[in-house]
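Nothing in this text is a laboratory measurement; each read-out follows from the coordinates by a stated rule. Nothing here was measured: the structure is a model prediction, and the numbers come from that model. Cβ coordinates were reconstructed from backbone atoms using ideal geometry, including for glycine residues, and neighbour counts include every protein chain displayed.
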Amino acid sequence: MPDVFPSIPRIAYEGPGSDRPLAFKRYDPAKAVGGRTMAQGLRFSLAYWHSLCAKGIDPFGDATMERPWNSLSDPMEAARMRMRGAFELTEKLSIPFFCFHDRDIAPEADSLRETNKRLDEIVALAKELMKTSPTRVLWGTANLFNHPRYAHGAATSPSPEAFAFAAAQVKKALEITKELGGANYVFWGGREGYETLLNTDMKLERENLARFLRMAAEYADEIGFSGQFLIEPKPKEPTKHQYDSDAAACHAFLLEFGLADRFKLNLETNHATLAGHTMQHELRYARDHGILGSVDANQGDELLGWDTDQFPTNLYVTTLVMYEILKNGGLGSGGLNFDAKPRRGSFRVEDLAAAHIAGMDSFARGLEAAQKLLDSGALDRPLAQRYAAWGSGLGASIRSGKESFRSLEAAALAAPPARLESGRQEALEAILNEYL
Ligand code: XUL
Ligand code: CO
């Protein structure tokens with residue numbers, strides 16, 4: 001069978017000295033870092049929607065992406081070529097996984113029945129390709145935001161029929177994710193939010209979202225899908241406010257509705273930016289609460305303020321992301337999914353490969369730097385020291401619950417507060433820089 005991407009060679013590791021654009025300079029899948037290979041530690045995934053479906057459209061401009069299926073008029077023929085392309089690209093780039101929405105892999109037809117038949121055909125093709133390919137599915141999901149029926153939301157729509165259609169779609173998406181051996185299943189609530197509270201019953205909408213997620217969990221149990229469920233926070237865009245706005249809001253939602261034991265989070269760097277947080281903040285919150293599941297590894301542009309979904313090249317960020325992930329003991333069944341697309345002007349197929357290489361090399365550097373940082377204890381030591389007073393004396397007594405406002409008043413009267421230590425922020429930032 002002819003290659004879908006003949007201009008992309010198999011990408012080899014050539015080392016930091018290489019100046020060839022289509023080669024890895026830092027990502028060496030077999031290299032050991034902290035007792036794991038880079039491949040094991042990073043678990044990269046291709047995002048089907050960006051890499052195989054994005055056309056380069058923006059609100060002011062038409063499609064720019066030069067893709068081999070552009071000339072095909074039959075959407076199913078294009079879908080088959082894309083799936084072959086997904087396996088080819090992941091293999092050539094040594095990317096072990098891909099992630100997909102149902103509608104990425106097979107276009108919607110006139111009826112749900114026909115749409116599901118199309119999905120079955122493409123899933124069969126993917127299974128066939130898996131027989132000879134190492135590529136696997138990191139996660140599946142359902143697109144509950146593109147179609148006009150979801151204009152007011154899916155699980156949070158005022159229309160029970162829209163809710164039902166979304167349920168049918170997730171039911172099928174769970175079935176095919178299971179069929180393809182997907183390790184996780186993601187819920188990103190793209191339109192599960194509102195434009196104005198003047199027309200929104202927020203209480204009912206949030207309750208319905210919880211009902212929907214509970215039914216999804218029940219159905220997964222019924223069919224024996226044991227992949228990890230993940231919620232992907234994002235504060236806005238396309239809605240003005242999304243209910244899953246950030247890690248803490250998701251956690252509170254899961255606790256409120258008794259879903260916390262079933263879901264973890266899929267955190268995305270650009271979504272953290274939109275929420276007004278650093279990605280480190282989102283990761284730290286999730287890690288502290290045992291709900292760090294997976295990562296959409298991209299970056300935004302702080303001057304633009306919308307979800308630009310760029311390939312991650314900021315080494316400061318990749319280092320801190322990997323530091324939190326290492327501290328978490330890895331991501332378990334999760335991985336680093338490039339929810340990222342080449343810029344509209346990077347329209348050639350070679351740009352698509354170069355973008356993945358840039359992201360993979362940047363994360364390889366992030367992993368190495370983070371492992372060194374961890375091994376050295378350069379950040380751990382000052383952190384432990386800063387809170388050392390909570391390990392003995394008054395601090396330990398407060399933590400153990402022995403103290404009250406009365407006893408603390410007595411303590412305050414008896415002894416003036418100890419002299420505060422410096423927070424040493426600039427010194428710590430300089431230490432971090434030494435590891436980049
Ligand atoms: C949108 C986004 C989605 C999810 C999957 O901002 O990140 O592509 O990752 O639905
Ligand atoms: Co995402």
Rg ratio (alpha-carbon, reference 2.2 N^0.38 Å) - region 310-359 = 1.35
Using unit Cβ charges (K, R positive; D, E negative) and no other charged atoms, how large, in debye to the nearest 20, is the dipole of region 264-421 about its Cα centre?
-> 560
Give me LEU413, LEU383 ranked fewest to most by other Cβ atoms within 10 Å of their Cβ, as a rough exposure proxy.
-> LEU413, LEU383
Along the principal axes of its C-alpha atoms, what lengths does region 171-253 span, in descending order and rounded to whole Å?
-> 42, 22, 20
All aspartates and glutamates inside 12 Å of LYS127 as judged from Cα atoms, apart from same-chain residues fewer than 8 positions distant = GLU179
Please state the Cα pair-distance histogram of region 354-428 with 10 angstrom bins from zero: what percent is in each bin?
-> 15, 28, 23, 17, 11, 6, 1
Under a point-charge model restricted to the Cβ atoms of Lys and Arg (+1) and Asp and Glu (-1), what is the dipole moment magnitude of region 1-153 relative to its Cα centre, in debye to the nearest 20?
-> 620
Using alpha carbon positions and the Kirkwood radius, the Rg to Rh ratio of region 312-393 is 1.17
Förster radius 51 Å - calculated FRET efficiency between ALA151 and ALA248 (Cβ-Cβ, nearest 0.05) = 0.95
What base-10 log of the normalised intensity I(q)/I(0) is obtained for region 162-314 from the Debye formula, alpha carbons as equal point scatterers, at q = 0.09, 0.17 Å⁻¹?
-> -0.29, -1.04
Among SER245, SER159, which comes first, second and so on when ranked by fewest other beta-carbon atoms within 10 Å?
-> SER159, SER245
Would you mind calculating the relative contact order of region 1-89 from Cα pairs under 8 angstrom and at least 6 residues apart, reporting the percent as a whole number?
-> 25
Residue list for region 279-300, given a label point 7 angstrom along the Cα-to-Cβ vector of LEU428 and an amide N cut-off under 16 Å | 279-285, 288
Ranked on Cβ counts within 10 Å of their own Cβ, fewest leading, THR308, THR156, THR37 go THR37, THR308, THR156
Listed here are the pairs LYS203/LYS264; LYS236/LYS327; LYS55/LYS92; which of them are more than 27 Å apart at the Cα?
-> LYS236/LYS327
Loop trypsin sites (Lys or Arg not before Pro), region 382-411, which have at most 13 other Cβ atoms in a 10 Å radius of their Cβ (DSSP) | LYS402
Estimated translational D of region 253-337 in µm²/s (Stokes, Kirkwood radius over Cα pairs; 25 °C; 0.890 mPa s) = 186
Simple spin-label model, 7 Å along Cα-to-Cβ: GLU14 to LEU413 in nm?
-> 7.6
Starting from the coordinates of the alpha-carbon atoms of region 128-198, obtain the Kirkwood hydrodynamic radius over all distinct pairs and give the value in Å to one decimal.
-> 13.5
Cα coordinate range in region 86-245, projected on the principal axes (Å, largest first) | 54, 31, 28
The FRET efficiency for SER400 and LYS372, from their Cβ-Cβ distance with R0 = 35 Å and rounded to 0.05, is 0.45
Quick calc, ALA389 & ASN70: beta-carbon distance into FRET formula, R0 60 Å, rounding 0.05, result 0.40
What is the mean projected area of the alpha carbon convex hull for region 22-93, to one decimal in square nanometres?
-> 6.7
Among SER397, SER71, SER157, determine the one that fluctuates most according to a GNM of the chain built with springs between C-alpha atoms less than 10 Å apart.
-> SER397
Given charges of +1 on the Cβ of Lys and Arg and -1 on the Cβ of Asp and Glu, with all other atoms neutral, how large is the dipole of region 218-308 about its Cα centre, in debye to the nearest 20?
-> 180
Helix-only [θ]222 nm of the chain, DSSP H runs n ≥ 4, -39500 (n - 2.57) each, per residue, nearest 500 = -13500 deg cm²/dmol
Whole-percent tail of the Cα-Cα distance distribution for region 97-150, cut at 19 Å, equals 31
Normalized C-alpha radius of gyration of region 283-436, against 2.2 N^0.38 Å?
-> 1.44
Tell me, what is the Rg over Rh of the chain, with Rh the Kirkwood radius over Cα pairs?
-> 1.01
